[in-house]
Each structure stands twice: as C-alpha cells, then as structure tokens.
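K.L.:
Next up is a structure, given as structure tokens.
The values are calculated or read from the model by the stated rules, or taken from the named source; none is laboratory data. The shown structure was predicted, so the numbers you read here are calculated from the model rather than taken from an experiment. Cβ: placed from backbone, ideal geometry, glycine included. Neighbour counts: every protein chain shown.
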Amino acid sequence: MFYIMLLVVGFVGYFLWSRSASKNNLQTIAPYISEESTYPLTARQITIIKQSWQAVLPIKSQAAELFYARLFELDPTTKALFKGKLDYQGDKLMTTLNVVVNAVDNVDDIVPMLEAMGKRHIIYGVEHRHYETVGVAFLWVLEQGLGDQFTDEVKEAWTLVYNLIANYMKEA
C-alpha cells in the first residue's frame, strides 16, 4: 500500500523499454520528486488530477501491474518489501489512490489515513529513499498510460500530489 502514489496505467511500452532508457528516465523525472510541496493545488490542477484519473480507472489492474514491474526494475531491492500477492497489493494501491483523488480538493480529510500508512510502512521496511523511486515509477506509468494526455501541466499536478502524499507519509 506504500506504493499508493505509485499508480497507474501501463502497457506494452514497458516491455519495449530498455535498461538504458530506464536509467535515463530516472534522471529525467527524479528532479520533480522532492521534499517540497506547494499545496493547496489550484482549481485547474485539481481538475487535471480528477480528469486524468478517470482515464486510468478503466485500466487500473494493468496500471498497477506495470507500476510494480517498473518499480522493481528501477530498484530491485524494493521487491523484498512485498510479502503477499502483487495483484492484491495492486488492488489496494488503486483503491487508496482513488480515495486520494476523491479528496484532492480537501486533503485534510485524508491526512490521518496518510500518516497511518506512513507509520505502517516503517514496519514493512520502507525507507525515505524509496519514496523517490516510487514517485519516478508512478510518473512513468502515468506517462505511458496517458500518452499524449501526459502534458507538462498534468505531470506538474501529479508531481505535486505525489509529493504531498509522500511527505505526509514520511513525516509520520
């Protein structure tokens, strides 16, 4: 469930992605993942998050599967953090993301949930360094799944939401 922010969409593009392209992508997206968060989001960013999430929901199972494959490719050590079936984990991930998206215009409503998840993930062995890799994998999956709809504006909005979520979890 830690990989809450790590959501979304995935497809054949993953299987065509080479190891060197993976490392280049990590270097390209990593600067967007930070300790800083500039919440609250604008009304436009909230709309972008909610609309783009609607494009992900029909393929949520594939998105979750792609997310974990990408995460393990970027950091193979994260695979040891998962003890159960990944399809069950993926379902929990997507359900949690749906809660976050539905509360994105009033995040205060879900802060206790995010803090509780952060505390649980310490028990699972999650370290602060994992949050960056998760964010990179999450944004990559969004990019693959949304295709041309993954504009700079969409990337910025999702990055802000991811940073917000990750920061609440890490602070707990």
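K.L.:
Please go through (1) touching a residue at least 40 places away in the same chain (Cβ under 8 Å); (2) farther than 20 Å from residue 45 by Cα for residue 61 and return the number of the only condition it doesn't satisfy.
P.N.:
The single condition residue 61 does not satisfy is (1).
K.L.:
Can you spot a residue in the range 134-142 that is of a type outside the set (Lys, Arg) and under 13 Å from residue 49 (Cα atoms)?
P.N.:
Initial filter on the range 134-142 (of a type outside the set (Lys, Arg)): 134-142.
Retained after the next criterion (residues that are under 13 Å from residue 49 (Cα atoms)): 139, 142.
Scanning the range 134-142, I find at least one residue that is of a type outside the set (Lys, Arg) and under 13 Å from residue 49 (Cα atoms), so the answer is yes.
K.L.:
Right, something else. Within the range 140-170, count every residue that is hydroxyl-bearing (Ser, Thr, Tyr), over 20 Å from residue 120 (Cα atoms) and assigned to a helix (DSSP H, G or I).
P.N.:
Residues that pass the stated criteria total 1.
K.L.:
Something else now. Test residue 126 against the stated conditions and say whether it is out of contact with any strand residue (DSSP E or B) (no Cβ under 6 Å at 6 or more places or on another chain), among the β-branched types (Val, Ile, Thr) and farther than 16 Å from residue 72 by Cβ.
P.N.:
no
K.L.:
Here's another thing I want to ask about it. Here's a check for you: in the range 70-80, which residue that is part of a helix (DSSP H, G or I) and either acidic (Asp, Glu) or touching a helix residue (DSSP H, G or I) at 6+ places or on another chain (Cβ under 6 Å) (or both) is surrounded by the fewest Cβ atoms within 10 Å (Cβ to Cβ)?
P.N.:
Among those residues, the one meeting the criterion is 79.
K.L.:
Pick from 129, 120: which is touching a residue at least 60 places away in the same chain (Cβ under 8 Å) and surrounded by fewer than 15 Cβ atoms within 10 Å (Cβ to Cβ)?
P.N.:
Of 129, 120, the one residue that is touching a residue at least 60 places away in the same chain (Cβ under 8 Å) and surrounded by fewer than 15 Cβ atoms within 10 Å (Cβ to Cβ) is 120.
K.L.:
Do you know which residues across the range 24-67 are surrounded by 12 or more Cβ atoms within 10 Å (Cβ to Cβ), assigned to a helix (DSSP H, G or I) and modelled with pLDDT under 50?
P.N.:
Those that are surrounded by 12 or more Cβ atoms within 10 Å (Cβ to Cβ), assigned to a helix (DSSP H, G or I) and modelled with pLDDT under 50: 25, 26, 28, 29, 30, 32.
K.L.:
State whether one or more residues within the range 108-126 are under 19 Å from residue 70 (Cα atoms) and in contact with a helix residue (DSSP H, G or I) (Cβ under 9 Å, 6 or more places away or on another chain).
P.N.:
To start, the set of residues in the range 108-126 that are under 19 Å from residue 70 (Cα atoms) comprises 126.
Retained after the next criterion (residues that are in contact with a helix residue (DSSP H, G or I) (Cβ under 9 Å, 6 or more places away or on another chain)): 126.
Checking the range 108-126: at least one residue is under 19 Å from residue 70 (Cα atoms) and in contact with a helix residue (DSSP H, G or I) (Cβ under 9 Å, 6 or more places away or on another chain).
K.L.:
Still on this structure, I have one more. Sort out which residues of the range 81-104 are in contact (Cβ under 8 Å) with a residue 60 or more places away in the chain and assigned to a loop (DSSP other than H, G, I, E, B), and write them in order of number.
P.N.:
Within the range 81-104, 104 is the sole residue that qualifies.
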